[in-house]
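The structure under discussion appears below in the form of C-alpha cells.
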Amino acid sequence: MKFNWGHKIVVVFGIFVIGILFLVYKSSQQKMDLVQKNYYADELKYQEVINASKNAKEIGGSLNVIRKGGHLLVSLPAAFHSSAVKGVAHLYYAADETRDISKSFVTSNGEFEMDLMTMMNGYYTLKLTIELNEKQYYYEQKLNF
C-alpha cells in the first residue's frame, strides 16, 4: 500500500484530535481556587477595608518589613508605638492557598514577629489589619522572598 497525501491528512488530523483530547484532560486536572471561600459575602464587607485604608492614610507612616531567617519582623508606623494595639497579619500567596499564613498579635512597642515556613519563596502580599482605640487601620505591602 502506498502512503499518499490523503493518508497524511488523516494522520495529521488524528494527531490533532489526540492533542486536543490530551489538553482537555490536563486542563480538567488543574486546581481552581477562588481567592476567598465566601467571595461574594466578603465583597459586600469590603467597604470596611476601604475605610480602614483611609484611616491608615490619615494617620500617616508606613510599614517596615524585614525578613530575618525564618522570621518576619514588622515595624508599624510611629503612631502605633505609644499604646497597645492588636491586629491580624495575613501573608497571602496568590498561587497556592496552602502557603498563606495568618497571625493575630498584640504589641505595645509597635513591632511584632511572624514565624515563616521553611521554604517560603515567591511573591506574597502582607495584609495587616490593626485596631487602636476602637478604630480600624489597614495596610497592604507586596513582598518578594
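The values are calculated or read from the model by the stated rules, or taken from the named source; none is laboratory data. Every value quoted in this text rests on a predicted model; they were computed, and no experiment measured them. When we count neighbours, we look across all protein chains shown, and the Cβ atoms used for this are built from the backbone with ideal geometry, even at glycine.
A few remarks follow.
- Considered as a group, the residues in region 80-137 that are polar (S, T, N, Q) and closer than 19 Å to R67 by Cα include one that is surrounded by the most Cβ atoms within 10 Å (Cβ to Cβ), and that residue is T107.
- Residue selected from region 86-112 under the condition farther than 16 Å from S62 by Cα and aliphatic (A, V, I, L, M), by the criterion modelled with the lowest pLDDT: A95
- Test: residue in region 42-50 that is of a type outside the set (D, E, K, R), assigned by TED's automatic domain parsing to the domain that holds F105 and at pLDDT 90 or above: yes
Yes/no matrix, rows are residues, columns are (1) surrounded by 10 or more Cβ atoms within 10 Å (Cβ to Cβ); (2) not aliphatic (A, V, I, L, M):
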{"position": "K2", "(1), (2)": "no, yes"}
{"position": "G6", "(1), (2)": "no, yes"}
{"position": "F13", "(1), (2)": "yes, yes"}
{"position": "S28", "(1), (2)": "no, yes"}
{"position": "M32", "(1), (2)": "no, no"}
{"position": "K37", "(1), (2)": "no, yes"}
{"position": "A41", "(1), (2)": "no, no"}
{"position": "K45", "(1), (2)": "no, yes"}
{"position": "S53", "(1), (2)": "yes, yes"}
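- Single residue of Y124, Y138 found to be touching a helix residue (DSSP H, G or I) at 6+ places or on another chain (Cβ under 7 Å) and either at positive phi or not charged (D, E, K, R) (or both): Y138
- Which numbered condition G69 misses (of (1) free of Cβ contacts under 8 Å to residues at least 60 places away in the same chain; (2) surrounded by 11 or more Cβ atoms within 10 Å (Cβ to Cβ)): (2)
- Residues that are part of a helix (DSSP H, G or I) and out of contact with any Asp or Glu (no Cβ under 6 Å at 6 or more places or on another chain) within region 74-110 comprise A78, A79, F80, T98, R99, listed in sequence order.
- Residue count for region 70-115 under the criterion of being of a type in the set (A, V, I, L, M) and farther than 18 Å from N133 by Cβ: the result is 9.
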